[in-house]
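Report on the following structure.
The values are calculated or read from the model by the stated rules, or taken from the named source; none is laboratory data. Bear in mind the structure is a predicted one, so any value in this text is a computation, not a measurement. All Cβ positions, glycine included, derive from the backbone under ideal geometry; neighbour counts span all protein chains shown. The area values use the complete protein model at the heavy-atom level, side chains included, leaving out ligands, DNA and RNA. Shrake-Rupley method; radii C 1.70, N 1.55, O 1.52, S 1.80 Å.
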Amino acid sequence: MFERWLALDVGAYEVRLHDYGHQSDAKTRTVMAFRHHEPIAYGQDALTYIYKDPSVQIRYPIQEGDVDHSISDLIAHCLDVLKSSQTLLKPCVWMAVPSGSSEEALMRWQHLLLDAGIKKTKFITNEELLQTKEACFLIHAGHSYTEMGIFVNGTRRAYKKISFAGSRMDDQIKRVVATKTNCLISNEDASALKHAASDAFWKNKNARLVCMAMDRYQRLGQIEISAADLWPALEMIEQQIVLWAKQCFKEQPFEMKQALLKKGIFLDGGLARCFGLRQLLEQAFSCPVIAAEFPEYEIINTMKELRP
């Protein structure tokens, strides 16, 4: 009764918070700018320092499951946006975590959230949030990892967590750009190219894409590359996700396979919007692939409805 609860979805790409009491939301890119080991900017503001100030370090607090302590500062920043400091009640957090999270990982999150100003924390896994009573095949394709599982009546029948996800796709795009142009691009430019190429493919177009890059002489300038040149980078990661999904599926008995194919695959996470993943899954399984209009917000939106 005298507790203030927030829903928290901490992704490697974006941190999302929802205040149940005030029905307000806050989100920020999971990135920070540091000067002399002190944070000077958060989220989108931090990105303005890329290519701008060599004394400023751009840091991504979450990378392929590794969590840096600076995530506490980023979450505290989100709490400030929600004006959590303007109340006598310290906030309590209901946090979504990967389904395979260890006790050690959860304990580490407890300490990190305590440092961010959180009074109490409850955890819920992505599978607990998204599974249905009937047999279901869930794939969460995010920025730092992809997890997939088959569940029946709350029981896990198969589960995989792999590092083939959005950040790996960005790495592949950086390699393609380096090979094609002899220039280096930032993580942010690689991510922007990924989204731009995907948007072009959804429109059945091969657009010319432009971004900033650093040449071999450390000079900053613009480069151009076609969306088609980037397709192998997207397809490589998507094919890996499909291969692991097939591995999950083939372990099931025939009757279970029939039930899953009839219902379809439920896909969420930011990578669910990327062109190719849904199509490749549909082709591999010959069944519908169901995703929300904004699959990157499926976790936090489900938490809003359920409440802790």
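What does the C-alpha gyration tensor say about the overall shape of segment 45-145? Classify as rounded when a/c is under 1.5, otherwise prolate if a/b is larger than b/c, or oblate.
oblate
Quote the charge dipole size of segment 123-236 about the Cα centre in Debye, to the nearest 20; the model charges only the Cβ of Lys and Arg (+1) and of Asp and Glu (-1).
That gives segment 123-236 a dipole magnitude of about 200 debye.
Once the Cβ-Cβ distance between ASN182 and GLN44 is put in as r, and R0 is 35 Å, what FRET efficiency do you end up with, to the nearest 0.05?
Once rounded, the FRET efficiency stands at 0.75.
Could you work out how far the C-alpha centroid of segment 1-67 sits from that of segment 244-273, in angstrom?
About 33 Å separates the Cα centre of segment 1-67 from the one of segment 244-273.
Length gain on complete extension for the stretch LYS133 to LEU261, per 0.36 nm per residue less the alpha carbon to alpha carbon distance?
44.5 nm
Which of the lysines could a cross-linker span from LYS122 if the Cα-Cα distance has to be under 17 Å and same-chain partners fewer than 8 positions apart are dropped?
Within the straight-line limit of under 17 Å, LYS122 reaches these lysines: LYS90, LYS304.
Counting other C-beta atoms within 10 Å, and keeping those with at most 14, which DSSP coil GluC sites (Glu not before Pro) do you find in segment 1-97?
Loop-located and lightly packed - GLU3, GLU64.
For LEU209, list long-range residues whose amide hydrogen, built 1.01 Å from N in the peptide plane, is under 5 Å from its own amide hydrogen.
ILE225, SER226, ALA227
Under 24 Å Cα-Cα from LYS194, which lysines qualify once same-chain neighbours fewer than 8 residues away are excluded?
Output for LYS194: LYS27, LYS52, LYS161, LYS174, LYS180, LYS203, LYS205.
For segment 133-295, which whole-number percentage of the solvent-accessible area (1.4 Å probe, protein heavy atoms only) is attributable to carbon and sulfur atoms?
51
Apply the a/c threshold of 1.5 to the C-alpha gyration tensor of segment 97-247 and tell me whether it is rounded, prolate or oblate.
Judged from the Cα gyration tensor, segment 97-247 comes out oblate (a/c at least 1.5, b/c at or above a/b).
So, in Å, what gap is there between the alpha-carbon centers of segment 209-232 and segment 119-179?
First find each Cα centre; the distance between them is then 30 Å.
Under a point spin-label approximation (7 Å from Cα along Cα-to-Cβ), what is the MET212-LEU106 distance to one decimal in nm?
4.3
Can you compute the FRET efficiency between HIS36 and LYS161 using 1/(1 + (r/R0)^6), with r the Cβ-Cβ distance and R0 = 41 Å? Round to the nearest 0.05.
The value I calculate is 0.70.
What full-extension length gain, to one decimal in nm, is calculated for LYS203 and GLU64 as 0.36 nm per residue of separation minus the Cα-Cα distance?
Contour length minus Cα-Cα distance gives 46.9 nm.
Which peptide among 266-278, 68-80 comes first, and what is the full order, when sorted by highest mean count of other Cβ atoms within 10 Å?
The densest-packed peptide leads the list: 266-278, 68-80.
Please list, by residue number, every one of the trypsin sites (Lys or Arg not before Pro) in segment 45-129 that is coil in DSSP and has at most 14 other beta-carbon atoms within 10 Å.
When the trypsin sites (Lys or Arg not before Pro) of segment 45-129 are filtered for loop state and at most 14 Cβ neighbours within 10 Å, LYS52, LYS83, LYS119 remain.
With a ≥ b ≥ c the root eigenvalues of the C-alpha gyration tensor of the chain, is it rounded (a/c under 1.5), prolate (a/b larger than b/c) or oblate?
Judged from the Cα gyration tensor, the chain comes out oblate (a/c at least 1.5, b/c at or above a/b).
Give me the percent of DSSP beta bridges within segment 1-120 that run antiparallel, rounded to the nearest 5.
75
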